[in-house]
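Read through the structure below, which is laid out as C-alpha cells, and then see the notes.
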Ligand code: NAD
C-alpha cells in the first residue's frame, strides 16, 4: 500500500481547499530544547505546510527558558487569529510535564488531537473534532484500497494513547470486531493469526513473522525502528508480503499518511474557526 502516493493526493486536496479560504491556515509548531529527531520531524512538517498552502510558524525555546515561556506562548497562540493549529513537538525535555502542556492548547486548535476534550469527543463519536493523525492515516489507506472494516476481525497490537487505542476505536466505529493486544498479551500469535486486518504499532523490529499472519490478511505496519541509517517496521515485510493481500512498507506506508493527516486537521481547524 503506497502511503507516499496517497499522502500526495491528500496534500493536493488540502491545498485546493486552503486556497478557497479568505486567509491561509496557520500551523504553529513549538520545539523545546535540542533533540535531533524532533528537528527532522519539524523540518518535514514545515515542508508539508509549504506544499499545502499552510503557513508554518516554528517557535524554538531553549530548554531552561522554556519552562517559563512555554505556557505564555501557548496562551498567546490560543488567542492569535492567524494561527489555527498548535502543536508541541514531543518528547519535551525531562521535568516539563508534557500532559499539562498539551492540556493548555485550546481544543479548537488541537490538531495533534492529544487534548482530553478532543479525545472525549472522538471516543464518544460526538464530533466535529480532530482525529489522531496516525490511526486516521491508516483509515484513509484502508478506504483508498477499498478495504471495508465492517464485519472483519481487526487485531491491533499496541495500546498506546497515540496509536493503538484510537486505532482500535476507529476500526470499531467502522464496525470491525476488534481485538487489542499489548505487551502482556499471552500467545500474541494466536490472536494475530485470526486477523483479517492486522495493525502493528509496537516499535520492535521483526515482531510479526509470516507464521503469525493469516494468508490474505491486510497488514498495516505502524512501527518505526532505526538501525543506524536504516528504518524498518515491526513486520517482516519480505516474508509477510508474500502471504498478505495488502501490506504497508516502512518507510513509505503509514508515516507519510500521519503527516498528511496533520495538514488535513489544520485545514479543518481553519475552516471551523472561519465559520464560527
Ligand atoms: P508506545 O511505546 O507508547 O507503545 C508500544 C505498545 O506496544 C504498548 O501498547 C505495548 O504494550 C506494546 N508492546 C510492546 N512490546 C510488545 C510485545 N512484545 N508484544 C505486544 N505488544 C507489545 O509506542 P507508540 O507511541 O504507540 O508507537 C508504537 C510504534 O509506532 C513505535 O515504533 C513508533 O515509533 C511508531 N509510530 C509510528 C508513527 C507513524 O507515523 N508511522 C506514528 C506514531 C508512532
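All of the numbers you see were taken from the coordinates with simple rules; none came from a lab. Here the structure is a predicted model, which means the values were calculated and not measured. Ideal geometry is used to build each Cβ from the backbone, glycine not excepted, and the neighbour counts take in all protein chains shown.
In table form, for the structure just shown:
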item: Cα centroid of region 165-214 to Cα centroid of region 84-153, whole Å; result: 20 Å
item: Two-decimal Rg/Rh across region 1-108, once Rg and the Kirkwood Rh are taken from alpha-carbon atoms; result: 1.00
item: Nearest 10 degrees, 0 to 90: helix 164-173 Cα axis against the chain principal axis; result: 80 degrees
item: For region 126-213, convex hull volume per residue from C-alpha positions, Å³; result: 105 Å³
item: Helix 36-52 axis, angle to the chain major axis (alpha carbon atoms, nearest 10°); result: 80 degrees
item: Percent of Cα-Cα distances greater than 27 Å, calculated over the chain; result: 40 percent
item: Amide N proximity, region 235-274 versus residue 98 label position 7 Å along Cα-to-Cβ, cut-off under 19 Å; result: 255, 258-259, 262
item: The chain: calculated mean residue ellipticity at 222 nm from DSSP helix runs of at least 4, using -39500 (n - 2.57); result: -13000 deg cm²/dmol
item: Packing-based order for 26-37, 2-13, using average beta carbon neighbours within 10 Å, highest first; result: 26-37, 2-13
item: Theoretical FRET efficiency, 1/(1+(r/R0)^6), r = Cβ-Cβ of residue 175 and residue 124, R0 22 Å, to 0.05; result: 0.85
item: Angle in degrees between helix 63-78 and the longest Cα principal axis of the chain, rounded to the nearest 10; result: 80 degrees
item: Gyration tensor verdict on region 203-250 (Cα atoms; rounded if a/c is under 1.5, prolate if a/b is larger than b/c, oblate otherwise); result: prolate
item: Average Cα contact separation per residue, region 117-276, under 8 Å, 6 or more apart, as relative contact order %; result: 20 percent
item: Length-normalised contact order for the chain - Cα pairs under 8 Å, 6+ apart - percent; result: 21 percent
item: Gain on full stretching of the segment that runs from residue 106 to residue 37 - 0.36 nm per residue minus C-alpha separation; result: 22.2 nm
item: Residue with peak Gaussian network fluctuation, the chain [Cα springs, cutoff 10 Å], from 168, 72, 18; result: 72
item: FRET efficiency for residue 20 and residue 78, using Cβ-Cβ distance with R0 set to 30 Å, rounded to 0.05; result: 0.75
